[in-house]
Amino acid sequence: MKKSLITALILLPGNALVFIPALIVWLTRETSFAAQIVGPSHVFFWVGVAAAAKGFILMAWTMRDFLAHGKGTPAPWAPPQKLVVRGPYRHVRNPMISGVMLALVAESLILRSLPVGLWLAAFVAANMIYIPLSEEPGLEKRFGGAYRLYKANVPRWFPRMRAWRPPGGG
């Protein structure tokens, strides 16, 4: 399980948050789109720090819940064996992706990089297509009525203010 988790972290958020943005920054370094890192005296820095903190907390929390309660990882090759409906999953169906998006917002702001911002937009668009067309039908097949009930009560992207309580406590 540890090897699957490490592989999942490197390939999934690792690519989205480290490798692809680093490649973008490197490829644009001598152009008019080069990153211009902002420091603590700039408002973008603090908005970015807040977004990064929230994003990394969401990612860590959801990863822990997947491991401890779902008995799996967010990776398709080692998926959770149990439907996870606790913590942030009671507010929104995709808190891991939300966490990655917040971290990408942070990177684009702190780096003051339009190309990293465009990568964020591409990441959002790809997930808006992939999740409803591939991931959700797979979850319905694996978890049946429990997932359909969850899906009917918890929004995909914009969190509920009050946590949803599944029948039986989830």
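The values are calculated or read from the model by the stated rules, or taken from the named source; none is laboratory data. These numbers come from a predicted model, not from an experiment. Note that each Cβ is placed from the backbone with ideal geometry, even for glycine, and that neighbours are counted across all protein chains shown.
Taking the criterion of being part of a helix (DSSP H, G or I) and over 13 Å from Ile20 (Cβ atoms), the residues of segment 105-116 that qualify are Val105, Ala106, Leu109, Ile110, Leu114. Selection of segment 33-71 for residues being closer than 21 Å to Thr7 by Cβ and touching a residue at least 60 places away in the same chain (Cβ under 8 Å) yields only Leu67.
Among the residues of segment 92-139, the one identified as among the basic types (Lys, Arg) and either in contact with a Phe, Trp or Tyr (Cβ under 7 Å, 6 or more places away or on another chain) or surrounded by fewer than 20 Cβ atoms within 10 Å (Cβ to Cβ) (or both) is Arg112. If the condition is being among the aromatic types (Phe, Trp, Tyr) and either touching a residue at least 40 places away in the same chain (Cβ under 8 Å) or touching an Asp or Glu at 6+ places or on another chain (Cβ under 6 Å) (or both), then segment 91-138 contributes Trp119, Phe123. Against the criterion of being more than 16 Å from the chain's Cα centre (by Cα) and part of a helix (DSSP H, G or I), Leu102 does not qualify.
Restricting segment 139-162 to residues that are in contact (Cβ under 8 Å) with a residue 60 or more places away in the chain and part of a helix (DSSP H, G or I), the residue that is nearest to Arg86 (Cα to Cα) is Tyr150. Can you pull out every residue in segment 67-91 that is surrounded by fewer than 20 Cβ atoms within 10 Å (Cβ to Cβ), over 15 Å from the mean Cα position of the chain (by Cα) and either modelled with pLDDT of 95 or more or hydrophobic (A, V, I, L, M, F, W, C) (or both)? Within segment 67-91, Leu67, Ala68, Trp77, Ala78, Leu83 qualify.
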